[in-house]
1. Residues that are out of contact with any helix residue (DSSP H, G or I) (no Cβ under 7 Å at 6 or more places or on another chain), at pLDDT below 95 and surrounded by 21 or more Cβ atoms within 10 Å (Cβ to Cβ): which helices (runs of 4 or more DSSP H) entirely in the range 1-106 hold 1 or more of them?
2. Output the residues belonging to the range 153-167 that are touching a residue at least 60 places away in the same chain (Cβ under 8 Å) and surrounded by 15 or more Cβ atoms within 10 Å (Cβ to Cβ).
3. Considering only the range 169-201, state which residues are closer than 14 Å to Val119 by Cβ and either without any contact (Cβ under 8 Å) to a residue 12 or more places away in the chain or not in a strand (DSSP E or B) (or both).
4. Name the one entry in Gln78, Gln93 that is among the polar types (S, T, N, Q) and closer than 21 Å to Phe133 by Cα.
5. Report yes if Thr126 is modelled with pLDDT of 95 or more and surrounded by fewer than 18 Cβ atoms within 10 Å (Cβ to Cβ), otherwise no.
6. Output the number of the condition that Asp221 fails; it satisfies all remaining conditions of (1) buried (at least 18 other Cβ atoms within 10 Å of the Cβ); (2) more than 12 Å from the chain's Cα centre (by Cα).
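The values are calculated or read from the model by the stated rules, or taken from the named source; none is laboratory data. Note that the structure is predicted; figures quoted are calculated from it, not measured. Virtual Cβ from ideal backbone geometry, glycine too; neighbours counted across all protein chains shown.
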Amino acid sequence: MAGFRYSAEVLASFPNTRGGVIHAVSLDNTTALSPLSDLYRAEQERVRADIGDAPLSEIPSLSAWRATFSGFGVKPTQYRSAAEALLRRLTKQGDIPSINPLVDLANLVSVRHRLPVAVFDQRDATGVTTVRFAAGHEPFTDLGADAVSHPEQGEVIFADEAALVSARRWCWRQSGQSAARSSTVEALVTVEGQHEGAEDDVKRATEDLVELFARFQPGADLRSGFLSPRASDFLP
């Protein structure tokens, strides 16, 4: 059964963690959608103008992720959160290329709300995905790679019940197996925040995603939830 949770150990170390999650089935990720592409381009232009020359490190949601990465031993300027990496590309290169409808939806909401958003294909996942500290033996295959690697002990990872890692360094990078592709029909979509005010911001971003999925994935069946130290499990 697909699901998502934060381990008690992670929440004890990072009590500001807030997460939104959507479980979606009956997805269609095969066809590029012109209305979505137009909206995606327009949002990129708006966000780029809004940020202007302001340093990304001064955006509270991104700054909080830098502190979180440092908290489990990762250099935040070497490994940037997914949201910071997207916004860095947008502000330095001018645009974020379209990949596929599901990834474009996630990236649109990520830059709009300045929060990491990820789409995890559930085809190879076993049971519930848990955000936890790595033991160091769990298998991870990077995007575009064939070789299996392993996280560092104590690193925060997303891992399923078979210990297969779908994301390393929390919200830094997904695995190849979990990446959304044309064949994706079932996915977990996550939105996460660590900053003051993250509870409201993550809820708004999750609601935004639900509305966009209803618009651009009308055949999908969606279940959504909000996670915090008070309620750390999502079992649709």
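1. Filter on the range 1-106 gives an empty set.
2. Selection gives Glu155, Val156.
3. Across the range 169-201, the qualifying residues are Cys171, Gly176, Gln177, Ser178, Ala179, Ala180, Arg181, Ser182, Ser183, Thr184, Val185.
4. Gln78
5. yes
6. Against the list (1) buried (at least 18 other Cβ atoms within 10 Å of the Cβ); (2) more than 12 Å from the chain's Cα centre (by Cα), Asp221 comes up short only on (1).
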